[in-house]
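Working notes, beginning with the structure itself.
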Amino acid sequence: EASLESNVRTIQVAHNIFIQCMAELGYIGLFVFILLILATVAINYNTRVLAKAGHDPPDSFVIHMSYALDEAMWAYLVSGFFVTVLYYPFFWINLAFVVALNAIVKRERLKGKARAGRMPPVRGRGAIREAALTH
């Protein structure tokens, strides 16, 4: 007669996002994950530079939001040393917000240049065709 204890198995969990990433995705996956972290920091830095250069008083909301998104990422990474949350959407949603904020700042900068007369305004679809037809 077999005992119940022989059927009990234990599962070990990494409890660290970097160890989990390395164990499940290998060196290449870990390298890509680290590149995504660095890209997040670089995009936020670029967002702050564009926001400071775009308006005469810089857009403080955008600057503070980019700092907040950086701090949210660092908080995720610090907590990730103690819990396994690699596949949770926290990092990925933060990355999406970072890219969206950067795109908004770039779009606003292009609008500012168009208003200043440096670029022709583009209005909706077919703007090139409409401009060609009117000239």
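The values are calculated or read from the model by the stated rules, or taken from the named source; none is laboratory data. None of the values given here were measured: they were computed from a predicted structure. Please note: Cβ atoms are built from the backbone with ideal geometry, for glycine as well, and neighbour counts cover all protein chains shown. For accessibility, only protein heavy atoms count, side chains too; no ligands or nucleic acids. Shrake-Rupley method; radii C 1.70, N 1.55, O 1.52, S 1.80 Å.
Odds and ends about this structure:
- Of the residues making up the range 87-109, those that are within 15 Å of Asn46 (Cβ to Cβ) and open to solvent by 50 Å² or more (accessible area, probe 1.4 Å) are Phe97, Val99, Ala103, Ile104, Lys106, Arg107, Glu108, Arg109.
Quick grid of which residues meet (1) of a type in the set (Gly, Ala, Ser); (2) assigned to a helix (DSSP H, G or I); (3) surrounded by 13 or more Cβ atoms within 10 Å (Cβ to Cβ):
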position: Ile19; (1), (2), (3): no, yes, yes
position: Leu35; (1), (2), (3): no, yes, no
position: Thr40; (1), (2), (3): no, yes, yes
position: Thr47; (1), (2), (3): no, yes, yes
position: Pro58; (1), (2), (3): no, no, yes
position: Asp70; (1), (2), (3): no, yes, yes
position: Tyr76; (1), (2), (3): no, yes, yes
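- Residues that are assigned to a loop (DSSP other than H, G, I, E, B) and modelled with pLDDT under 65 do occur in the range 97-116, at least one of them.
- Listed by first and then second residue, the pairs with beta-carbon distance under 6 Å, at least 6 apart or on different chains, first residue in the range 68-84 and within 18 Å of Val99 (Cβ to Cβ), second at pLDDT 95 or above and open to solvent by 50 Å² or more (accessible area, probe 1.4 Å), are Leu69/Phe97.
- The lone exception for Gly126 - which of (1) loosely packed, with under 13 Cβ neighbours inside 10 Å; (2) modelled with pLDDT of 65 or more it fails: (2)
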